[in-house]
Structure formats: structure tokens, C-alpha cells
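Working notes for the structure below.
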Amino acid sequence: MLSQRPALTAHRPRKRFGQNFLIDQGVIHAIVEAIRPQADDLLVEIGPGLGALTDLLLQRLSHLLVVEIDRDLILRLKNRYPPERLTVYEGDALSFDFGALAKTRKLKVAGNLPYNISTPLLFHLATFAEHLVDLHFMLQKEVVDRMVALPDDAAYGRLSVMLQSRFYLEALFDVPPEAFAPHPKVYSAVVRLIPKPLDKLTIVDPECFARLVAAAFGQRRKMLRNTLKSWFSENELTDLGVSPAARAETLAPEDFARLANAFILKERAQANMV
Ligand code: SAM
């Protein structure tokens, strides 16, 4: 049996840790349904907080792993759940080695994420994609809109390209501010990410790809002939099937992959000539 949950008022939510705790049971159940935990899944919850999702996840799982940064919450979690049910990793999810947990099988990752670090956290998690089964996150709706946006959408940008090149993404449902205590100022949404299989990945050098995407979107309204000037001549862009007058927001993730791969080939060819 789980011990008695401490009253919500007993913990003072900390803004710096993005603490907006879920209180709407309907939403909590809907998130856990979306995660579809199976008894012996290896699942990591990021930011368990006061345990809103943790409780329900532990009704389905034999064991759960959590990463939490707030020492007060860590103490409560340890008092509340025995170690044979819950492993608590104390620290910052932004520097957590998720790959180290996936030694014997792949991980599922889930959480109602602290919104102030959601973008760097998504980039950090993307580096472990090969170790992951799937990810389910509550995020600001505006961030989810950017993640799933398609070329020419106003919300389409670096985040969309970087994540869509590595994952299949699905926005699942929106969540109003009243579902949390305290209420955040914005609407939230739940999103699912499933890593693409290795044979669907076409990027030769992920670091080069990331730099090229950042350069292209660095000045969003500028044409690629300007933003990618130090990467390709106008003729090279045209030969690669990309109009030098196009803007980054019109290119699909596959176009960026083609450009980044061509740049690597060009660099290798130049290196062989000297
Ligand atoms: N899961 C709980 C819920 O839904 O009610 C809490 C969600 S709250 C939005 C975010 C949680 O992430 C808090 O428990 C907070 O302390 C934790 N957190 C914030 N920054 C973190 C970080 N860098 N690494 C790990 N946990 C973090």
C-alpha cells in the first residue's frame, strides 16, 4: 500500500522549477492511458513532483524510475514509495544520462515537464533516441504546436525540423490552465514522440545537420542564399534542388538532411584535394 499523500498545500510550488502540479483526475488518467504502461516496462518519469502521474503509473507498473531536482519533493517521494517500487534519481534531467538506464532494453519516458526547460530538454532527449521506445510529455501548447508544425506553417521552425528528423510526432490533446495548481498562464498540450527506425534516418552527421538548421533559421525572414552563404553558393543550392530565394520555413526536414549531407560530401572532397 502507498502511504498517505501529503496535502498539496504542504509544499510551496517553486516557480524556478516550473512547478505547476496536475490536479485534474480526468487529465491525469488520459495521460496515463496515452502512455499505455505495461507491468514490466522500463519507464522514466521526469519531474514526478507530488506524484500525480507517479501514483497512477505505479498502479500499472511493477517498478518506476523518476528524475527529480527539488530536494523537498525527493524526500516526500522517498517517504511515500518504497525503493522496490520507485527508484529516485536526484538531479537535473538536462544533464541526466538516459542511455545509461537502457542497458538491457529500451526506455519509455514521460512527464509533465517544467516548461522553462522544455526545449533544451527535448534536444537533450533526442540525443538518446536510439535507446527510447517512446516519449509522452505535457508541454506548453505553443511548444507542441511548434513541434508538429509543417513547412509554411507560422509555427514551423528549428524545433519542428530537429525533432521531426528524429521522431514521429503526434499532438494528442490540449489541457486548460485549470487542470493545474497553481494555474499556468498558458494552455498546455500532451504530445507523443516515437523515434524513427535507424533505416529511416538519412542524416550522415547530426552535428552538421543541427548547425545548418540553426544557421538557416537564424534569420527567419532572410533567403537561404544569405543565411547559408558560408555553406553553399547559389549554384550549389540550385543543383541540390533548393531555390536560393527560398526561406528556411519552406523547406521540409528531408531538404535540410539533403543539404547537410551534401555539405559533408563537399568538405570531404575538399579535404581529399589538399
Ligand atoms: N509531475 C508532477 C505533476 O504533474 O503534478 C509535477 C510536474 S511540474 C510541471 C515539473 C516537475 O519537474 C516538478 O516536480 C519540478 O520540481 C521538476 N523539475 C524541474 N526542473 C527539473 C529538472 N531540471 N530536472 C528534473 N526535474 C525537474
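The values are calculated or read from the model by the stated rules, or taken from the named source; none is laboratory data. Computed from a predicted model, the values in this text were never measured in an experiment. Every residue, glycine among them, receives a Cβ derived from its backbone with ideal geometry; neighbour counts consider all protein chains shown. Heads up: the accessible areas ignore ligands, DNA and RNA and are worked out on the full protein's heavy atoms, side chains in. Shrake-Rupley method; radii C 1.70, N 1.55, O 1.52, S 1.80 Å.
Quick notes
- Test: residue in region 185-192 that is in the same structural domain as residue 126 (by TED's automatic domain parsing), out of contact with any Lys or Arg (no Cβ under 8 Å at 6 or more places or on another chain) and assigned to a loop (DSSP other than H, G, I, E, B): yes
- Among the residues of region 248-274, those identified as charged (D, E, K, R) and open to solvent by 80 Å² or more (accessible area, probe 1.4 Å) are 254, 258, 267, 268.
- Residues in region 16-39 that are touching a strand residue (DSSP E or B) at 6+ places or on another chain (Cβ under 8 Å) and either among the small types (Gly, Ala, Ser) or near the ligand (Cβ under 8 Å from one of its atoms) (or both): 7 in all.
- When restricted to residues that are open to solvent by less than 50 Å² (accessible area, probe 1.4 Å), over 13 Å from residue 172 (Cα atoms) and assigned to a strand (DSSP E or B), region 129-139 contains 2.
- Screening 57, 65, 61 for residues that are within 18 Å of residue 89 (Cα to Cα), assigned by TED's automatic domain parsing to the domain that holds residue 174 and more than 22 Å from the chain's Cα centre (by Cα) leaves exactly one candidate, 61.
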